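A short write-up of the structure that comes next.
The values are calculated or read from the model by the stated rules, or taken from the named source; none is laboratory data. Computed from a predicted structure; not experimentally measured. So basically every Cβ, Gly included, is an ideal-geometry build from the backbone, and we count neighbours across all protein chains shown. When the accessible area is computed, the model is the full protein with side chains, heavy atoms only, and any ligands, DNA or RNA have been set aside. Shrake-Rupley method; radii C 1.70, N 1.55, O 1.52, S 1.80 Å.
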Amino acid sequence: MTRAFVFPGISSRVVFGAGTISTAGAEVARLGHSRALVLSTPHQEGEARKLSESLGPLSAGVFAGAAMHTPVEVTETATAHFRASGATCVVSLGGGSTTGLGKAIAVRTGADQVVIPTTYAGSEMTDILGETSGGEKTTRRDPAIRPETVIYDVALTTTLPVGLTVTSALNAIAHGMEALYAPDRNPVVVAMVKDALPAFRDSLPEIVKSPTDLVARGEALYAAWCCSTALAYVSMALHHKLAHVLGGSFNTPHAETHAILLPHTTDFNEEAVPGLLAPIAQVFGGGSAGKGLWDFAKALGAPMRLADLGLTEADMDRAAAIAMKNRYDNPRPFTEADIRALLQSAWEGRRPS
Ligand code: NAD
């Protein structure tokens, strides 16, 4: 068959290196702004205050209340703060939770966003925003959500705890895995994912041994950017759907949930598209993509069982039923019984057979 694809371009400006946080002021000014509000979680408030000081008169202060799953109440308080501060731009310093808050402010106010990611979750390159209200998470895609500028500073990732480093990286690999079979994939994102897989394979064991190894951290952050870009320009399928169901309806932690599901969702879809997932099998070994990822996660000390997140088998019944509610494209068709069996494997943490 003749090759056919649409390449949508890559819209965000990316500055990558070690020590690049020093360019934040210049990047804010480059977008034409003279006042920016710095965002962070309470945990990273110290770094946010340092950044705010370094911005001098460009800084409109700090809002350090970002929380997981972007609760609308937090966004409303932060948006009021943003308006009162006279800022026209946000600088989001942190993981996906902080990036999510910046996106939520941006869609409400038209603010530009400079994002300085400190995990591998990958929200910074995407046009996706998930928000939680009344215990329900709703997700939308809109080009207006996509950050204008992303500053990757390898030095900031050396403090990421090893546990979160591993699960966040597996979260990134999950973006790459689904991009490999996405019907709207293009050669640029596929090439980026193929570059990311060996970079993660080689750097993560080094980081587990030596979390401040800047070279290994640099490779992992580069791989995270590749996978984040892949997530940004293709549609997602069963893996992201199940992670969304568990996170949204059972409040499981984001990165761990992705990490535990990944070998099982990969294994399930591998039966339908073994050729498209072959790059994963080639990089991680184990005889198949699903087994290779399971072995890799286990060797890194990742959590392996949904049961360890406090979920019960009855929760798995309910999750399978919820996952069947909205239909979406997936390379392998499935029934509720298929999903239930997949969730059972992930609940027990079994190696895919
Ligand atoms: P997170 O942002 O919640 O961070 C977890 C904790 O680690 C926080 O306390 C944070 O302050 C801390 N932390 C982050 N980086 C650190 C560092 N370098 N050193 C020390 N501590 C650090 O976790 P996450 O996994 O990055 O993000 C999860 C959230 O992102 C979820 O709400 C998820 O839905 C969202 N997300 C959205 C997209 C998207 O495209 N919209 C993509 C991925 C994730």
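Figures for the structure shown
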| quantity | calculated |
| --- | --- |
| Residues whose placed amide H lies under 5 Å from that of Gly349, excluding near-sequence neighbours | Leu306 |
| Beta bridges per DSSP with both ends in the chain, % antiparallel, nearest 5 | 20 percent |
| Selection from Leu129, Cys89, Thr212 lying farthest towards where the dipole of segment 74-225 points positive, charges on Cβ | Leu129 |
| Spatial separation of Cα centroids for segment 316-341 and segment 243-309, in angstrom | 16 Å |
| Fraction of beta bridges assigned by DSSP in segment 13-158 that are antiparallel (%, nearest 5) | 20 percent |
| Accessible area of the chain belonging to carbon and sulfur atoms, whole % at 1.4 Å probe | 54 percent |
| nm² value of the averaged projected area, convex hull over the Cα atoms of segment 13-158 | 7.5 nm² |
| Shape category assigned to the chain from the gyration tensor of Cα positions, a/c cut at 1.5 | prolate |
| Whole-number percent relative contact order across segment 67-218, with pairs defined as alpha carbons under 8 Å at least 6 apart | 19 percent |
| Lysine pair number, Cα distance threshold 27 Å (strictly under), the chain, separation 8 or more or different chains | 14 |
| For Ser203, solvent-accessible area (1.4 Å; no DNA, RNA or ligand), Å² | 0 Å² |
| For peptides 51-58, 191-198, sequence by mean Cβ density within 10 Å, most packed first | 191-198, 51-58 |
| Accessible area (Å², per residue) of the chain, counting only protein heavy atoms and a probe of 1.4 Å | 39 Å² |
| Computed accessible area, Thr335, all protein chains, 1.4 angstrom probe, square angstrom | 70 Å² |
| Sequence ranges 134-145, 217-228, 171-182, ranked by mean other-Cβ count within 10 angstrom, highest first | 171-182, 217-228, 134-145 |
| Separation of alpha-carbon centers, segment 50-86 and segment 128-186, rounded to whole Å | 21 Å |
